[in-house]
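Bear in mind these aren't lab numbers, they're just calculated from the coordinates by the rules spelled out. Values in this document were obtained by computation on a predicted structure and should not be read as measured data. For neighbour counting, all protein chains shown are included, and Cβ atoms are generated from backbone atoms with ideal geometry for every residue, glycine included.
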Amino acid sequence: MDIRFVSSLTAEDENLFAPALLKAVGALLDQLPIAYTVRIETTGAQVFQHAHAAAQEPNRGEPVERLSKAVESVAFPYARANGSAFS
């Protein structure tokens with residue numbers, strides 16, 4: 001899978017944002033039993049990378065369920081705490 005993210009950030013802002021984005025994506029994907037590498041190349045020519053080896057052979061349906069829980073735990077804590085319709 002190859003995902004491209006295009007933004008209107010300045011090169012300096014990209015260099016500040018990239019490590020936080022990498023950490024957030026890594027936190028989600030690390031919960032799955034998959035091997036992956038996330039690589040972010042900024043306009044300022046900096047490269048940020050994180051890799052993870054598969055922990056175990058995934059069961060059918062398990063990765064989707066784990067990803068759903070991982071996304072919910074990262075994306076919706078504010079919504080749950082404030083009674084949003086997204087929780």
What are the residues in the range 1-57 that are surrounded by 12 or more Cβ atoms within 10 Å (Cβ to Cβ) and either acidic (Asp, Glu) or in contact (Cβ under 8 Å) with a residue 60 or more places away in the chain (or both), if any?
-> 13, 14, 30, 41
In this structure, is residue 45 at negative phi and among the hydrophobic types (A, V, I, L, M, F, W, C)?
-> no
